[in-house]
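The values are calculated or read from the model by the stated rules, or taken from the named source; none is laboratory data. Note that the structure is predicted; figures quoted are calculated from it, not measured. Backbone-built Cβ (ideal geometry, glycine too); neighbour counts: all protein chains shown.
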Amino acid sequence: MFGVFQRNALRSRLLALCMMCSLTIGAGTVFSAVGTSVPISATLATAIAADLFPVSLKLNKGNFFLTNPVVLFLENGRVGIRVRFQAFDHRPAEGIALSETGQATFSGIPGYDAATQKILLTDPNMDEVQFDHSNEATRNFLRQINSVWSAQVTNPIRAEIPPHPYMLPFRNNIENISYDGRNIILTLSYQ
């Protein structure tokens with residue numbers, strides 16, 4: 001008898017819990033929380049960016065391989081990313097095997113287009129491309145990098161929301177992305 005009572009009590013508690021969850025979920029769809037904000041620190045932003053690397057970009061003759069991203073919080077509303085890179089041109093049939101390494105920094109002003117659910121980087125800039133060595137090959141790679149940047153980078157740059165586990169719960173509720181000088185801020189709206 002006591003075992004039956006415990007099972008019934010447990011079922012009642014579970015039923016009450018399920019009803020409470022249903023009401024909470026239902027209430028969340030009726031009432032909206034506008035302006036909820038979630039801060040993202042430079043450390044967390046770096047971890048989110050790391051999931052998207054390495055990145056390989058095609059140059060006119062060769063490739064630009066980017067690794068080790070570090071997110072930088074800069075002045076004037078700008079957020080940057082510093083990367084290590086390898087610029088290489090391997091064409092064995094032509095006897096060409098060039099490889100140079102260095103560091104680059106890119107920056108822009110973060111934003112968000114809620115209609116397309118795209119992250120925006122307004123006023124994108126290639127702040128620095130510094131090769132570890134200076135020679136004719138690095139000067140040629142730098143000309144190619146500048147040429148590809150000018151030809152292919154738009155203002156603003158549009159990007160998908162990273163599929164990082166931290167971002168997944170907020171993905172469909174982002175209203176805006178901004179930078180307050182200390183954190184990247186996700187402004188969320190639940191409707």
Can you pull out the residues in region 42-61 that are among the basic types (Lys, Arg) and outside any loop (DSSP other than H, G, I, E, B)? 58
If you go through 73, 65, the only one that is touching a Pro at 6+ places or on another chain (Cβ under 9 Å) and either under 19 Å from residue 146 (Cβ atoms) or surrounded by 15 or more Cβ atoms within 10 Å (Cβ to Cβ) (or both) is 65
The residue from 117, 130 that alone is in contact (Cβ under 8 Å) with a residue 12 or more places away in the chain, under 22 Å from residue 44 (Cβ atoms) and surrounded by fewer than 16 Cβ atoms within 10 Å (Cβ to Cβ) is 117
Single unsatisfied condition, residue 108 versus (1) surrounded by fewer than 16 Cβ atoms within 10 Å (Cβ to Cβ); (2) in contact (Cβ under 8 Å) with a residue 12 or more places away in the chain: (1)
Scan region 160-187 for residues that are closer than 13 Å to residue 109 by Cα, out of contact with any Ser or Thr (no Cβ under 6 Å at 6 or more places or on another chain) and of a type in the set (A, V, I, L, M) and jot them down. 177, 184
Looking at 101, 138, 43, which is the one that is within 19 Å of the chain's Cα centre (by Cα) and of a type in the set (S, T, N, Q)? 43
For region 133-167, give me each residue that is of a type in the set (A, V, I, L, M, F, W, C) and surrounded by fewer than 11 Cβ atoms within 10 Å (Cβ to Cβ). 151
Counting only residues that are under 25 Å from residue 178 (Cβ atoms) and either in a strand (DSSP E or B) or not charged (D, E, K, R) (or both), how many does region 62-78 have? 8
Is it fair to say residue 116 is assigned to a strand (DSSP E or B) and modelled with pLDDT of 90 or more? no
Please work out which one of (1) more than 13 Å from the chain's Cα centre (by Cα); (2) closer than 25 Å to residue 188 by Cα; (3) without any contact (Cβ under 8 Å) to a residue 24 or more places away in the chain is the condition residue 50 fails and give its number. (1)
Somewhere in region 136-152, is a residue among the basic types (Lys, Arg), under 30 Å from residue 185 (Cβ atoms) and assigned by TED's automatic domain parsing to the domain that holds residue 176? no
Only unsatisfied item for residue 97, checking (1) more than 19 Å from residue 143 (Cα to Cα); (2) loosely packed, with under 15 Cβ neighbours inside 10 Å; (3) of a type in the set (A, V, I, L, M), is (1)
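Yes/no matrix, rows are residues, columns are (1) in a strand (DSSP E or B); (2) among the hydroxyl-bearing types (Ser, Thr, Tyr); (3) in contact with a Gly (Cβ under 8 Å, 6 or more places away or on another chain):
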| position | (1), (2), (3) |
| --- | --- |
| 142 | no, no, no |
| 163 | no, no, no |
| 166 | no, yes, no |
| 176 | yes, no, yes |
